[in-house]
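Heads up: the structure comes next, in structure tokens.
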Amino acid sequence: MNIIEINQLTKFYGKVKGIENVSFNVKEGEIFGFIGPNGAGKSTTIRTLLGLIFPTSGSAKLFGKDCIEFGSKIRSEIGYLPSEVFYYEKMKVKDLLKYSASFYKKDCTKRINELSEIMELNLNRRIEDLSYGNKKKVGIVQGLLHEPKLIMLDEPTSGLDPLMQQKFFDIISEENKKGSTVFFSSHILSEVQHLCNRVAIIKDGHVIKVEDIKTLREDNYKKVTVKGESLDSNLYSFEGVSQLTSFDHMLNFFYKGDVNFLIETIGKQKVQDILIEDPSLEEIFMHYYK
Amino acid sequence: MNIYKFEIKGYFRTLWIWVLSLFALLFMYMAFYPIMSEDAMMMDKILEHYPEELLKAFGMGESISFATVLGYFTFTFVFVQLCLAVQSAYYGFNFLSVEERELTADFLYSKPVTRRSIFFQKYFAAATALLISDIAVWIGSFLAIEIFRGDNSYEINNLLILLASIPIFQVFFFSVGLIVTTLSKKISSVISYAMALSFGLYILNAIRSIVGGELLGMISPYYYFEPGYILMHGKLNLKLTMIAVTIILISNIIGYRLYLKRNIHSL
């Protein structure tokens, strides 16, 4: 079953394009990554799904219901964490979380306490006295306190120290195991890499690829580094090699093709060291943005 | 109801200041009434020497005598109206724009609540706060008049009609604030907008009373609900009241519709 179905979604801000003809689906139980550089349209897409902004054309369904028409009903099952968090400055954390919980028709006290404990959040402080990282923690707790079926994260980790990030990812994974679907936008690819099942790559308002993380990585590209005193880069000008660079007795390139042939070629020369590895998502990503 | 409660709490943080100020204003002005009424002859003589334009600008053009209770109250009530106008306009400009300005909109609008519900809960919270100011003016007016009027009598019906005009007067400014908010991308400084609107329209009416004619008054609620007129004639000017009601209805309907489709932008 699809939790999110986006169909030809387009949003123009006046004449400025936000997103254009964006279509993809997110299945139940997935952790779905949504990656692209700043200004590519990630937030625009998420804000449209949440009913914060209204599409110029196209539509989107969440839980099988139109996101505008049934917005308020749908949102009772969504937990949202924006990239920048702002709350009512004069309120105490405790009161803000209570206010947040009052929108859902269930008792969230237990979950509030659990999450605050994990995130080491002091409930008695005023929002205005909190550091950015601590505000972010408030955001995480308020986004998850109602145990949503769909968690939407818009660049969620900025402002969290690595330790907290790890805790945060643990929480997200746990929620996912319990059955929540996670929609996760980011420009930090390493985050997406070890968390997500599938990713959509967005660029200039267009989704240019939706792919399994595995396929993306196993797209059979290998990153090859060869070290040696007298390497001839001309030897490597066969099909399947790309982005060949030669620097200081070292050759770097990406390879897609028969590995035996590659090894044969490398074997023709005297080599000091050799490294064949999977490219990082970052590098694959650059490939799409070239 | 949770948003209503939340908003009301917010209003109550500052509402008591408004209520106290309105009381203080009414009492301070009316406290001088005993002196005025005693030396009525002298006061009226002094005022005779004032340029007529100046008197008109303060809403005392229609040969109201300072000696009578309501004549003096006219003068007081002009300032009460100004206060109420600033407050109502402030609420009007603020109540839908504050979440966007203070960036809490993402929080509120991503909750399972319809725009319609947000609008009405916020609207009624502001209306409640305005009603409390209204009640304060009613109580303050009667108390101040009863305490300071001495043996002078007054036409209570005329006063009741004037006080009954307050809610429309408040909602007028509130509604203008509302429509301007929904028509603009962002309201950056609520207090300056509110001051500009309430004083601007006041000055407009002052100019109208100096230069004469009705045209300028058509767009100033200070003219629709001129205390001098109401206290003297004991009735509202029906035509002008209808204009006020029409402007209120149009602003509310258009404002509401725009709000339902408003895009909430991120930073």
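The values are calculated or read from the model by the stated rules, or taken from the named source; none is laboratory data. Only a predicted model underlies this, so the values are computations on that prediction, with no experimental measurement involved. Every residue, glycine as well, gets a Cβ built from its backbone with ideal geometry; the counts of neighbours run over all protein chains shown.
In table form, for the structure just shown:
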quantity: Subset of the range B:1-26 that is aromatic (Phe, Trp, Tyr) and surrounded by fewer than 16 Cβ atoms within 10 Å (Cβ to Cβ) - its residue that is nearest to the other protein chains (Cβ to nearest Cβ); calculated: B:PHE12
quantity: Filtered residue count, the range A:99-118, keeping only those that are in a helix (DSSP H, G or I), away from chain B (no Cβ under 14 Å) and not hydroxyl-bearing (Ser, Thr, Tyr); calculated: 8
quantity: Residues within the range A:122-157 that are crowded, with 21+ Cβ neighbours inside 10 Å, of a type in the set (A, V, I, L, M, F, W, C) and farther than 17 Å from A:VAL182 by Cβ, tallied; calculated: 1
quantity: Matching residues in the range A:127-150 - criterion: being within 14 Å of chain B (Cβ to nearest Cβ) and either among the polar types (S, T, N, Q) or over 17 Å from A:GLU77 (Cβ atoms) (or both); calculated: A:ILE127, A:GLU128, A:TYR132, A:LYS135, A:LYS136, A:VAL138, A:GLY139, A:ILE140, A:VAL141, A:GLN142
quantity: Residue satisfying condition, being more than 29 Å from A:ILE19 (Cβ to Cβ), of a type in the set (Val, Ile, Thr) and under 29 Å from the mean Cα position of the chain (by Cα), within set A:VAL224, A:VAL199, A:VAL192, A:VAL259; calculated: A:VAL224
quantity: Helices (runs of 4 or more DSSP H) lying entirely in the range B:184-267 (those with 1 or more residues that are among the hydrophobic types (A, V, I, L, M, F, W, C)); calculated: B:190-211, B:227-233, B:238-260
quantity: Conditions (1) touching a helix residue (DSSP H, G or I) at 6+ places or on another chain (Cβ under 8 Å); (2) away from chain A (no Cβ under 14 Å); (3) hydroxyl-bearing (Ser, Thr, Tyr); number of the one not met by B:SER266; calculated: (2)
quantity: Boolean, B:THR74 is crowded, with 20+ Cβ neighbours inside 10 Å, of a type in the set (S, T, N, Q) and part of a helix (DSSP H, G or I); calculated: yes
quantity: Check on A:ILE118, surrounded by 20 or more Cβ atoms within 10 Å (Cβ to Cβ) and hydrophobic (A, V, I, L, M, F, W, C); calculated: no
quantity: Neighbours by Cβ (under 7 Å, 6+ apart or cross-chain): first from the range A:58-78, within 11 Å of chain B (Cβ to nearest Cβ) and under 21 Å from A:SER100 (Cβ atoms); second polar (S, T, N, Q) and crowded, with 22+ Cβ neighbours inside 10 Å; calculated: A:ARG75/B:SER110
quantity: Among (1) surrounded by fewer than 20 Cβ atoms within 10 Å (Cβ to Cβ); (2) more than 14 Å from chain A (Cβ to nearest Cβ); (3) out of contact with any helix residue (DSSP H, G or I) (no Cβ under 7 Å at 6 or more places or on another chain), the one test that B:ALA67 misses; calculated: (3)
quantity: Test result for A:ILE172, in a strand (DSSP E or B) and buried (at least 20 other Cβ atoms within 10 Å of the Cβ); calculated: no
quantity: Among (1) modelled with pLDDT of 90 or more; (2) in contact with a Pro (Cβ under 8 Å, 6 or more places away or on another chain), the one test that A:SER83 misses; calculated: (1)
quantity: Among (1) closer than 26 Å to A:ILE171 by Cβ; (2) assigned to a loop (DSSP other than H, G, I, E, B) - the single one A:PHE34 does not satisfy; calculated: (2)
quantity: Within the range B:111-132, considering residues that are assigned to a loop (DSSP other than H, G, I, E, B) and of a type outside the set (A, V, I, L, M), the one surrounded by the most Cβ atoms within 10 Å (Cβ to Cβ); calculated: B:LYS111
quantity: A:GLY41 being touching a residue at least 24 places away in the same chain (Cβ under 8 Å) and touching a Leu at 6+ places or on another chain (Cβ under 8 Å); calculated: no
quantity: Hits in the range B:103-125 (condition: of a type outside the set (Phe, Trp, Tyr) and facing chain A (nearest Cβ under 7 Å)); calculated: B:LEU103, B:THR104, B:ASP106, B:SER110, B:LYS111, B:PRO112, B:VAL113, B:THR114
quantity: Residue match in the range B:36-47 (condition: touching a residue at least 60 places away in the same chain (Cβ under 8 Å) and either within 14 Å of chain A (Cβ to nearest Cβ) or not charged (D, E, K, R) (or both)); calculated: yes
quantity: Test: residue in the range A:210-223 that is modelled with pLDDT under 90, buried (at least 19 other Cβ atoms within 10 Å of the Cβ) and in contact with a Phe, Trp or Tyr (Cβ under 8 Å, 6 or more places away or on another chain); calculated: yes
quantity: Test set (1) among the charged types (D, E, K, R); (2) in a helix (DSSP H, G or I); (3) at pLDDT below 80 - A:ASP248 fails condition number; calculated: (2)
quantity: Among the candidates B:ALA105, B:ALA129, residue that is modelled with pLDDT of 95 or more and hydrophobic (A, V, I, L, M, F, W, C); calculated: B:ALA129
quantity: Residue list for the range A:180-205, restricted to those being in a loop (DSSP other than H, G, I, E, B), surrounded by fewer than 21 Cβ atoms within 10 Å (Cβ to Cβ) and among the polar types (S, T, N, Q); calculated: A:ASN197
